[in-house]
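In what follows, a single structure is set out as structure tokens and then discussed.
Each reported figure results from applying straightforward, stated rules to the coordinates on display, with no laboratory input. The structure displayed is predicted, hence computed values, not measured ones. Cβ: placed from backbone, ideal geometry, glycine included. Neighbour counts: every protein chain shown.
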Amino acid sequence: MQKGKRRASTVSREFVVALLHLIGYFPSHIVRRFFYRMAGVTIGSGSSIHMGTRFYNPSNITVGNDTIIGEGAVLDGRATLRIGDHVDMASEVMIYNCEHDITSDDFHASSGEVIIEDYVFIGPRAIVLPGITLGRGAVVAAGAVVTKSVEPFAIVGGVPAKVIGRRSLKDPHYRLGRAAWFR
């Protein structure tokens, strides 16, 4: 009986993920935002999630105010994913908070929350792995793979990502502006 309930829950959750994937290609921020919220994603005012975004367990995902998530992003909610205010996430960024433990005998999954603080910029095709915090104002270069938490206002790049600089702006208060209508 218990196994049947777990299976039904898994199928139901996967069905919602598949529907969100299809809705992700509807060319209207308003429509997509409505369905994402219905699925449990918390989305702050003025935020835009561009087309093609993939979600895993959307009910654990929170997006702050005035945040833009680019096309083709992957947002993993199998553990908590908190994205702050005024975050600019470029296209095809992947944020994961669950992975297999390659050193274990049973290859079990392990997870850790991912926190992206305010005013962070993540470049195209960057990957953020489980258990990471990107500090306020941090910058992740295009194609970087973030395996360790990043200090506030640090600029990281490479595989694995390492500090390559520091932002001079220490008190950001900018707004990202409006997203393109049909993205």
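A simple charge model with +1 on the Cβ of Lys and Arg, -1 on the Cβ of Asp and Glu and nothing else charged puts the dipole of segment 2-166 at about 480 debye relative to its Cα centre. Projecting the Cα atoms of Val41, Pro27, Ser110 onto the charge dipole of the chain (Cβ charges, centred on the Cα centre) puts Pro27 farthest toward the positive pole. Result for the chain in a Gaussian network model with C-alpha springs under 10 Å: among Ala126, Ala109, Ala141, the largest mean-square fluctuation is at Ala109.
Excluding same-chain neighbours fewer than eight residues apart, the lysines reachable from Lys170 by a Cα-Cα span under 23 Å are Lys148, Lys162. Considering helices alone, the calculated mean residue ellipticity of the chain at 222 nm is -6000 deg cm²/dmol, with DSSP H runs of length four and up weighted by -39500 (n - 2.57) and normalised per residue. Consider the candidate values [x] 19.0, 63; [y] 17.4, 65; [z] 16.6, 59; state which one is Rg and Dmax of the Cα atoms in Å computed from the structure displayed. Identified label for the calculated read-out: [z]. Relative contact order, whole percent, for segment 9-70 stands at 35, derived from Cα pairs under 8 Å and 6 or more residues apart.
Shown in residue order for segment 108-120 are the 3J(HN,Hα) couplings computed by the Karplus curve 6.51 cos²θ - 1.76 cosθ + 1.60 at θ = phi - 60°: 5, 7, 10, 9, x, 5, 10, 10, 10, 6, 4, 6, 7 Hz (x for Gly and Pro). In order along segment 121-129, phi translates into HN-Hα couplings of 10, 10, x, x, 6, 6, 10, 10, 8 Hz, rounded to whole numbers, per the Karplus curve 6.51 cos²θ - 1.76 cosθ + 1.60 with θ = phi - 60° and x for Gly and Pro. The 3J(HN,Hα) values that the Karplus relation (6.51, -1.76, 1.60; θ = phi - 60°) gives for segment 80-89 are, in residue order, 4, 10, 10, 10, x, 7, 6, 8, 10, 10 Hz. Gly and Pro appear as x. Put a dot 7 Å past the Cα of Ser91, heading toward its Cβ, do the same for Ser104, and the two dots end up 3.7 nm apart.
Using C-alpha pairs below 8 Å separated by at least 6 residues, the relative contact order for the chain is 14 percent.
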